[in-house]
Amino acid sequence: MGINRILEKYKLIETFERELSIDKEYFISEFRQMTQKGYYSPLLIMLDIIKSENKKYIGDINSKSFKIREKFTLDNSFANNFATVKSKFQTKNNKLNVKTTIQGMEVIPFILRILIFGIYSLLMFIAILEILLMLFTSDAKYIDGSMIMGPIILTIFVGFLTYLPYRIAKKNVVNKKNDIDIIYQLIEKTPYNKRV
């Protein structure tokens, strides 16, 4: 549970609840129509290309919950949203109560990015310490642009590995929450639905 609190703090997980005036079976059937069976982690995202069905989501749906994510497409690969949507639902007081969690980044990639940032911070501390020691000793004449270029290049590289994916994942959570909210509203407003 501790890692989920950290992900919530950095807005990489968001949980919300909705009450819908629809039948549970209808809700499940609507999600089954847009979802190809067989969830696997976004780490194996390239496997989506070999899937033949033309559905927007890939995931697993049962009578009490579902876990889905957007299917990767080559045509619009930069616009793909890899946030995972987990939902639990049950009928309460003639309404369908749906509790949904949107997760923008899986736990293992998040931990790996923290480790990369920790190693980077340690290396930067050592590099700055070395430059400061050289400034206060007779070796100051050996400091040149090449000593500064290394840390700058490393900072840019670590930014692409850590900060950029974090920003994308955080944005994906917001966008996917809006998408799922719209899907819930459309399912509820569909004229053919089986109202409770």
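Here are a few things to note about the model shown:
- Pairs with Cβ under 6 Å, 6+ apart, first in the range 101-116 and under 13 Å from Y10 (Cα atoms) and in contact (Cβ under 8 Å) with a residue 12 or more places away in the chain, second assigned to a helix (DSSP H, G or I) and of a type in the set (S, T, N, Q): G104/N172
- Some residue of the range 45-54 being at pLDDT below 75 and within 20 Å of L12 (Cβ to Cβ): yes
- I156 being part of a helix (DSSP H, G or I) and either among the polar types (S, T, N, Q) or at pLDDT 85 or above (or both): yes
- Every pair of residues 6+ apart whose Cβ atoms lie under 7 Å, when the first sits in the range 169-196 and is under 17 Å from S21 (Cβ atoms) and of a type in the set (D, E) while the second is at pLDDT below 95 and open to solvent by 90 Å² or more (accessible area, probe 1.4 Å): none
- The single residue among I116, I108, I102, I61 that is open to solvent by 90 Å² or more (accessible area, probe 1.4 Å) and of a type in the set (V, I, T) turns out to be I108.
The values are calculated or read from the model by the stated rules, or taken from the named source; none is laboratory data. The structure presented is a predicted model; accordingly, all values stated were derived computationally and were not measured. We place every Cβ from the backbone using ideal geometry, glycine too, and count neighbours over all the protein chains shown. Heads up: the accessible areas ignore ligands, DNA and RNA and are worked out on the full protein's heavy atoms, side chains in. Shrake-Rupley method; radii C 1.70, N 1.55, O 1.52, S 1.80 Å.
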